[in-house]
Amino acid sequence: MRKKSSIKNMVGSVISNIITIIIGLIAQALFIKILGSEYLGLNGLFTNIITMLGIVELGIGNAIIYNLYKPLAVQNEEKIKSLMNFYKKSYHIIAIIVCIIGLSIIPLLPFIIEDTTVNINITFVYLFFLTDVVCSYLLSYKRSILYADQKNYIINIVHIGYTFALNVLQLLILYFTKNYYLYLAIKIFMRILENFVISIIANHKYPYLRDEHIENLDKATEKDIFTKVKSLFFHKIGTFFVLGTDNIIISKFLGLVTVGLYSNYYLIINAVQTVFGQFIQATTASIGNMLITESKEKCFDIFKKIRFLNFWIATFSSVCVFVIMDSFVTLWIGKSYILPKVVLLLLSINLYQNLMRNAYSSFKEAAGIFFEDRYVPLFEAFINIIVSIIFCKLWGLAGVFFGTIISGLMLWCYSYPRFVYKKIFDGSYKDYIFSTLGYIICFLVILMITYSLSKQFYFDSRYLNFYKNVGISLVIPNIILILIYFRTSHFQYYKNIIFNKGKKKNG
């Protein structure tokens with residue numbers, strides 16, 4: 001059942017995100033053509049600022065989902081109702097706090113955006129972004145029960161419809177009116193509609209959620225939630241300052257146009273990270289169930305298999321980004337939007353690092369480990385900001401991303417070995433170091449070989465160059481990975497799954 005749910009969620013997530021990517025690429029190309037890179041930079045900057053307000057959520061969603069695993073497994077409806085009611089009240093309070101903090105940021109906007117030629121009211125635009133995030137908290141809590149019950153494929157189906165309708169309406173508004181305010185307003189309307197649809201589905205699948213008689217959450221569970229929330233608060237802060245400050249730093253030191261150029265690369269890299277990350281993240285709810293019901297030895301074996309799959313995905317996708325990106329951007333929006341190669345290299349390495357986090361994060365979240373490493377994100381965030389600003393002044397845009405990569409070492413050198421490898425599985429530090437370094441070296445070697453081969457052939461046609469890079473990226477990394485890992489038990493495990501399924505279908 002766990003495997004079936006994980007596969008269903010995985011497939012649903014991948015399909016949803018592929019459709020979202022295609023629509024997003026078309027929408028962004030038309031957005032640039034109609035409004036220009038500076039408006040795109042403004043979009044990216046305000047998205048980062050709004051992401052910062054997510055700190056106020058304090059990780060309540062993660063804590064609630066963790067506490068929903070067991071009640072859903074034993075069908076304890078009263079406990080589920082109490083948890084969801086607590087979640088609802090919490091999110092309404094959070095919406096109010098986000099609104100207040102968001103309004104208090106308005107006086108700081110001129111400091112962040114010093115030079116701009118866009119002919120719009122910056123404060124008014126920011127208020128649209130703020131309204132969007134406040135509205136997202138009013139009904140979104142119903143998603144948690146679908147996620148905890150291993151039914152996030154339902155959320156993905158709804159999100160496909162939302163993404164398609166939103167982008168079509170926004171592009172029609174831009175094409176016929178070129179009104180940026182209406183472009184932002186339609187997003188707020190569609191956000192409310194998406195959450196409303198998910199709420200209806202949740203009520204239909206779990207009709208007891210509509211019961212008027214709901215008991216207060218028991219003190220033990222409430223205490224557990226608040227303990228995790230206190231810990232997740234640090235994780236939220238750390239995550240924002242590591243992943244959410246790049247555009248703010250770029251805007252302050254390099255300008256909105258540079259933010260716009262990076263936004264094109266970010267759209268693609270984030271899409272790749274989302275699609276391929278879903279292969280692992282979709283298993284989190286199943287992992288939570290497994291950690292409760294299975295032995296530590298079996299869980300460790302499954303972890304190593306998932307980590308191997310995670311490594312293969314991270315290596316393949318990061319190499320593809322490095323080799324294909326420039327030729328794709330040239331076809332997509334033009335050669336003038338290409339960033340320096342060293343920037344792309346650092347973005348690809350950072351993509352590998354972020355994707356490799358998924359296996360560890362899934363087990364860590366499923367095991368409810370939030371309190372033990374609560375201070376790690378703060379150190380990671382501090383290092384990221386300081387190093388990114390210093391290196392930004394020395395090396396420009398490349399320095400910002402180098403700082404992000406350096407700060408990530410806090411997780412790889414301390415948090416993951418101690419709180420995942422050792423705490424959950426009683427694994428040895430020596431085994432962790434050798435396996436992690438082995439994967440990193442393998443990734444870098446494959447990256448260099450694939451890129452070197454792609455440079456051996458050059459065509460005058462930009463289309464032929466793109467197809468050539470795609471072909472090399474699809475074939476070479478996978479061939480090398482097969483040659484290296486063919487005899488390993490992890491490779492054989494996935495090979496057997498694929499071929500056994502094929503035999504069953506043929507039979």
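The values are calculated or read from the model by the stated rules, or taken from the named source; none is laboratory data. Bear in mind that the values here come from a model prediction, so they are computed numbers and not experimental data. Because the Cβ atoms are built from the backbone with ideal geometry, glycine has one as well, and the counts that use them run over all protein chains shown. The accessibility values were calculated without ligands, DNA or RNA, using every heavy atom of the protein model including side chains. Shrake-Rupley method; radii C 1.70, N 1.55, O 1.52, S 1.80 Å.
Does the stretch 422-438 contain at least one residue that is within 23 Å of LEU351 (Cα to Cα) and touching a Ser or Thr at 6+ places or on another chain (Cβ under 8 Å)? No, because not a single residue in the stretch 422-438 is within 23 Å of LEU351 (Cα to Cα) and touching a Ser or Thr at 6+ places or on another chain (Cβ under 8 Å).
Of the residues making up the stretch 259-273, not one is free of Cβ contacts under 8 Å to residues at least 40 places away in the same chain and over 11 Å from ILE21 (Cβ atoms). Would you confirm whether or not the stretch 394-409 contains a residue that is out of contact with any Phe, Trp or Tyr (no Cβ under 7 Å at 6 or more places or on another chain), at pLDDT 90 or above and exposed (fewer than 14 other Cβ atoms within 10 Å of the Cβ)? Within the stretch 394-409, one or more residues are out of contact with any Phe, Trp or Tyr (no Cβ under 7 Å at 6 or more places or on another chain), at pLDDT 90 or above and exposed (fewer than 14 other Cβ atoms within 10 Å of the Cβ). Checked against the criterion of being in a helix (DSSP H, G or I), open to solvent by less than 20 Å² (accessible area, probe 1.4 Å), among the aliphatic types (A, V, I, L, M) and within 25 Å of VAL272 (Cα to Cα), the candidates LEU40, LEU25, LEU30, LEU83 yield just one match: LEU40.
Among the residues making up the stretch 334-368, those that are surrounded by fewer than 18 Cβ atoms within 10 Å (Cβ to Cβ) and not in a helix (DSSP H, G or I) are GLY334, PRO340.
Among what's in the stretch 435-445 and is open to solvent by less than 70 Å² (accessible area, probe 1.4 Å) and among the hydrophobic types (A, V, I, L, M, F, W, C), pick the residue that is farthest from TYR375 (Cα to Cα).
As a first pass, look at the stretch 435-445 and keep what is open to solvent by less than 70 Å² (accessible area, probe 1.4 Å): 435-436, 438-440, 442-445.
Still in the list and also among the hydrophobic types (A, V, I, L, M, F, W, C): 440, 442-445.
Details: ILE440: 26, CYS442: 31, PHE443: 30, LEU444: 30, VAL445: 34 Å.
Result: VAL445.
So that you can scan it fast, the table gives a plain yes or no per residue for (1) modelled with pLDDT of 85 or more; (2) more than 16 Å from THR47 (Cα to Cα); (3) open to solvent by less than 40 Å² (accessible area, probe 1.4 Å):
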position	(1), (2), (3)
LYS252	no, no, no
VAL259	yes, no, yes
TYR265	yes, no, yes
VAL272	yes, yes, yes
SER286	no, yes, yes
LYS296	no, yes, no
PHE300	yes, yes, yes
LYS304	yes, yes, no
THR315	yes, yes, yes
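Pairing residues of the stretch 470-493 that are open to solvent by less than 80 Å² (accessible area, probe 1.4 Å) with residues that are among the small types (Gly, Ala, Ser), at Cβ distances under 7 Å and at least 6 apart in sequence or on separate chains, gives ILE472/SER454.
Does ASN310 qualify as being in a helix (DSSP H, G or I), crowded, with 22+ Cβ neighbours inside 10 Å and without any contact (Cβ under 8 Å) to a residue 60 or more places away in the chain? Criteria met by ASN310.
Listed by position, the helices (runs of 4 or more DSSP H) enclosed by the stretch 103-191 that each have at least 2 residues that are aromatic (Phe, Trp, Tyr) and open to solvent by less than 40 Å² (accessible area, probe 1.4 Å) are 122-139.
Checked across the stretch 420-434, the condition of being modelled with pLDDT under 95, open to solvent by less than 60 Å² (accessible area, probe 1.4 Å), assigned to a helix (DSSP H, G or I) and of a type in the set (A, V, I, L, M) holds for at least one residue.
When you check ILE441 against the structure, is it more than 19 Å from VAL376 (Cβ to Cβ) and of a type outside the set (Asp, Glu), yes or no? Here the answer is yes, as ILE441 does meet what is asked. Output the residues belonging to the stretch 411-436 that are more than 19 Å from the chain's Cα centre (by Cα) and hydrophobic (A, V, I, L, M, F, W, C). Answer for the stretch 411-436, where residues must be more than 19 Å from the chain's Cα centre (by Cα) and hydrophobic (A, V, I, L, M, F, W, C): CYS413, PHE419, VAL420, ILE424, PHE425, ILE433, PHE434.
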